[in-house]
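Worksheet: one structure, shown below.
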Amino acid sequence: MIGPILAVAAALAPPAPSTAPSHTGGGAGGQAAISAALTDTTVEVKSDFRGARIVLYGAVFDPAARPSDVVILVRGPEQPVRITRKQKVAGLWLNSRPVVFRGAPGFYRAASNRPLEDIANFSTLRRLGAGVDHLPINAPAERRIETRYGVRDVVVYRQGADYYVWRRAVVRLKEKAGLYHEDGRGVRFVDRGLFRAEIELPTGAPTGVYRADILLFQGGRAVSTRTRTLTVKKVGFERALYVWAHDRPWSYGLASMAFALVAGWAASAAFRRD
Amino acid sequence: MDIYLPIAEVAVNAPLIVALGAFVGFISGMFGIGGGFLMTPMLVFLGIPPAVAVSSMAHHVAASSTSSVIAYGRRRAVDFRMGAVLAAGGIAGAFAGVELFRVLRLLGQADLVVAASYLVFLSVIGALMLVESLQAILRRRRGQPPPPRRDRRPVWLYGLPLKMRFPRSRLYISVIPPLALGGFVGVLSAIMGVGGGFILVPAMVYVLRMPAGMVVGTSLMQIIVTAGLTGVLQAGRNQTVDIVLAVLLIAGGIVGAQFGARASSRFRAEELRSVLAVIVLVVGLRMGLDLFLAPDEPFVLMSGLGG
């Protein structure tokens, strides 16, 4: 709960330092800046984990009080996506060759105070990877999609409408799983210059380090940026099991199977009397 | 009462999973099958990744089969020698099956092979078993005597070398057919993520001609070995075994299996077979239906990069 308090304190500060930027900035009214903090910087995944809601607070400092837009981009650790399409072959619906998209974040959320396309133009959004349509998953993939025929890896050049259908499918399926989300009303200004946004992590959110970029837009350009990190990690019993299963898979497998067999024997022994 | 599964990375309703384990355990104990062909589709329906469902289920199958095989053993309804021969074939089959599955995943056609195997094997076996058991029931109702046991000894069963005595089953046959049967079931168990009981039970009755009373217990014994091996291999090679999920399923399964094993002695063998046939047929057709119906969402995300 330290986050919001810090943010509020920062928001109260502007009157004093505002003279300094306006001094250096000359007649234009000085540099605008943005500041933000998360209520939690670590999310612990335990047996009762059902997703989490992180609150992001921040403030816009602009002595000239120009119209400002705030865009928040949260990206989870990168996870390559392997996707296949069902096709009708001789009356049967079969999987096509899978296509691999690299560079896709495991979690993505774009929040802004108004729809992204109203805030900045296409190329700016594309460059920043702002919005699910501008995720950088196409940048390397457009030039080189890895398709797997048979057991060999084959590199194919693939562009055009078909490619965008695949790309949209990735986003659609990820949105369905609650992993990708774009909210054109996700940032709310609660007071002059003070804003708030909520980041909702689903249960299936990948573990790892998340990066939250908080951008201040004025006149369609990003004028100030802050970056915050968020760590999602398994703790306690869950972490111990996960580490065991991945670091010593054979002993984990043998132990869990031994448990299964003993449990079966124990049940049989317990039921013997009656 | 939701609980987070550390390997599957999803939250599930714990009492629901325990109840599912108990239900499948009951079916397993009653019919002498692992129940994997029922459990896998249900777990996937509940949102658990298929790879984790298949692997963790092997533990449930092993536990509930152990629970009921001991119950059958007490009634002297297990042919341990036949079980060991089948299991030997099953071990070889499971290793081959895991490799085959890996290649299929690389080809991106694992889903197709799984769906097609379910459709073909479950439907054919379910239909054959249903016809046979209904005929037996009808004959009994009409008071007709059972058809004379065909004493024609098939060459491939009795003519092959390496003959072995199976005193409990009162058989003196070549070990090659049971070994081959065990191997075939082992391959299927790795591909379909099932114990293979639904194939083993009818094959033991109709092909190996074992006495009906021995079939269920012996089939369960082979299933323990195959499921146990598959479970360890999946954990070791793919890290897809979720012990929390397995514990929940086992908690229900071992109790359900006890009641199932007890309930089975109250019904006639052919009536049990007819019910099993219907279950097998319905699941097979349902799984195969996906091959023929136009999907709502033509794209499917595949977990992991697969090899």
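Pairs spanning more than 30 Å between alpha-carbon atoms, out of A:174/A:234; A:86/A:234; A:86/A:233: A:86/A:234; A:86/A:233.
Determine the shielding of peptide B:233-239 by partner chains: average, over its residues, the number of Cβ atoms on other chains within 10 angstrom of each Cβ. Don't skip to the answer; put the middle values down first.
Numbers: counts 2, 3, 11, 7, 3, 2, 7.
Rounded to a whole number, the mean comes out at 5.
Each label was represented as a point 7 Å from its Cα along the Cα-to-Cβ direction; for residue A:243 and residue A:65 these points are 5.5 nm apart.
Legend: calculated FRET efficiency, residue A:223 to residue A:177, from the Cβ-Cβ distance at R0 = 25 Å, rounded to 0.05, equals 0.15. The mean number of Cβ atoms from other chains found within 10 Å of a Cβ in peptide A:81-88 is 5, as a whole number.
In this Cβ point-charge picture (+1 for Lys and Arg, -1 for Asp and Glu), chain B has a dipole of about 2060 debye about its Cα centre. Positive end of the dipole of chain B (Cβ unit charges, origin at the Cα centre): among B:243, B:10, B:224, the Cα lying farthest that way belongs to B:224.
How many partner chain Cβ atoms sit within 10 Å of a residue's Cβ in peptide B:57-63, on average, as a whole number? All intermediate terms of the calculation are to be shown ahead of the outcome.
Details: counts 0, 4, 8, 3, 2, 8, 10.
Per residue, the number of nearby Cβ atoms from other chains is 5 on average.
Can you give the angle from 0 to 90° between the axis of helix B:176-192 and the longest principal axis of chain B, with both taken from C-alpha atoms, to the nearest 10? With rounding to tens, the tilt is 20 degrees. Between the helical axis of B:50-74 and the longest alpha-carbon principal axis of chain B there is an angle of about 30 degrees. Averaging the Cα positions of each part gives two centres, and for the range B:11-33 and the range B:49-106 these lie 17 Å apart. With a 10 Å cut-off between alpha carbons and a GNM built on chain B, which of B:182, B:97, B:143 moves the most? Largest GNM mean-square fluctuation: B:143.
FRET efficiency for residue A:164 and residue B:278, Cβ-Cβ distance as r, R0 = 45 Å, nearest 0.05? Write down the numbers at each step before the final one.
On the way: r = 47 Å, r/R0 = 1.04.
For R0 = 45 Å, the calculated efficiency reads 0.45.
Enter the angle in degrees (range 0 to 90, nearest 10) between the Cα long axis of helix B:14-31 and the first principal axis of the Cα atoms of chain B, meaning the one along which they spread out most. Helix B:14-31 sits at roughly 20 degrees to that axis.
Counting Lys +1, Arg +1, Asp -1, Glu -1, what net charge surrounds residue B:87 among other residues with beta carbon under 15 Å of its beta carbon? Mind showing how you got there, number by number?
Working: positive: B:81; negative: B:79.
Local net charge: 0.
Return the calculated 222 nm mean residue ellipticity for chain B, to the nearest 500 deg cm²/dmol, obtained by summing -39500 (n - 2.57) across DSSP H runs with n ≥ 4 and dividing by the residue count. Please list the in-between numbers first.
Working: 12 runs with 209 residues, N = 307.
Dividing the helical sum by the residues of chain B leaves -23000 deg cm²/dmol.
Using 13 Å as the cut-off for backbone N distance, which residues of the range A:197-212 belong to the label zone defined by a point 7 Å from the Cα of residue A:231 along Cα→Cβ? Counting only backbone N, you get A:208-210.
Spin-label model, residue A:269 to residue B:139: label points 7 Å out along the Cα-to-beta-carbon direction sit 4.4 nm apart.
Label-to-label distance for residue B:42 and residue B:286 is 0.9 nm, based on points extended 7 Å past Cα in the beta-carbon direction.
Laboratory data are not the source of any read-out in this text; all were calculated from the coordinates shown. The model shown is predicted, which means the values in this text are computed figures rather than measured ones. Heads up, the Cβs are rebuilt from the backbone with ideal geometry, glycines too, and the neighbour counts pull from every protein chain shown.
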